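What follows is a short report on a single structure.
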Amino acid sequence: MDYTAAQSGFRQRMLQPSVRLRNSVMDGSDGSQLFEDTSGAGLGSQTVYRNQQAGPQAAGIPGQSLLSDPMSNLAMAYGSSLASQGREMVDKNLDRFIPISKLKYYFAVDTVYVGKKLGLLVFPYMHENWEVSYQQDTPVAPRFDVNAPDLYIPAMGFITYILVAGLALGTQNRFSPELLGVQASSAFVWLIMEVLAVLLSLYLVTVNTDLTTIDLLAFSGYKYVGMIVGVVAGLLFGKPAYYLSLLWCCAAIFVFMIRTMRLKLLSEAAAEGRLVRGTRNQLRMYLTMSIAAAQPIFMYWLTYHLIR
């Protein structure tokens, strides 16, 4: 018992200095310290740096409120109105040189029309009615009248002709991108020159007709169908087949152009089959024959070098 009491007293005497030391440290935190605690300062500087970085981002959020400002809304509305006015001006000026609204009429076709038109271009001999149908002084869309001109077949015919020409050059080991480009550009230039020559002839003869430049472009582009038939026949069956098929297609396009253009250029009396009288009507007849006769010449000129 005495030993235990002495041991407990010894422990109490040993714990008292440590308790006093802890109390002094805690009291020193409220009073003066021997050394300054810099860990808190380091944390404070990091917090300030983070706040500086977050400052511009946080400042950007109030800047977005400018979009809801009445002046900014007015500026946006004014800018959109200027853009719409500029687009309208561009559309008007573009329609003055390239009649977009009229071009839509020439591409209003369907599968039935394309099939009938291709048959008419290859075999026009049995067709009787060549007049274009009208509805309230406006020609009906091509898909409703096989006699109406279109630009779909000439455009697709031109592209197909270039592809077939490339195929023909490839079978002869003469294909090159440059040569194919020359073939395409030459065909396009001859087409433009043909249309310009017809327009000049119509001006010199002073023909009052409803033919437009797009109509002439469409009629001049129909010859590509016969050219494709001739080149494909030559590739499949040789040179004699090329000449025979091209001869047939040349005769077909000649008849097609005569029966189509005479209703556009000649007088009503000539369209009805009566005798054409007068110098002006004679000039119109010669012009019609010249336009029709030029088609076989161009067909042969643009295809003969593709078959060997």
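Between the C-alpha center of region 112-131 and that of region 202-259 there is a gap of 13 Å. Each Cα pair under 8 Å and six or more residues apart adds its sequence gap; the mean of these over the residue count of region 152-302 is a relative contact order of 26 percent. Each of 299, 156 has its accessible area taken with a 1.4 Å probe; listed largest first, they run 156, 299. Between residue 293 and residue 137, the FRET efficiency from the beta-carbon distance, with R0 = 35 Å, is close to 0.60. For residue 186, the accessible surface of its heavy atoms amounts to roughly 40 Å² (probe 1.4 Å, protein chains only, rounded to the nearest 10). Since only 286, 230, 185 are under comparison, the one whose Cα sits farthest along the positive direction of the charge dipole of region 152-302, derived from C-beta charges on Lys, Arg, Asp and Glu, is 286. Listed by chain and number, the lysines placed with their C-alpha closer than 16 angstrom to that of residue 102 are 92; residues fewer than eight positions away on the same chain are left out. Ligands, DNA and RNA aside, residue 171 has an accessible area near 90 Å² when probed at 1.4 Å. For region 152-302, the solvent-accessible area with a 1.4 angstrom probe is 51 square angstrom per residue.
The values are calculated or read from the model by the stated rules, or taken from the named source; none is laboratory data. Because the structure is a prediction, the values reported are computed rather than measured. No Cβ is skipped: glycine too gets one built from the backbone with ideal geometry, and neighbour counts run over all protein chains shown. To get the accessible areas, we keep the full protein, side chains included, count just its heavy atoms, and leave off ligands, DNA and RNA. Shrake-Rupley method; radii C 1.70, N 1.55, O 1.52, S 1.80 Å.
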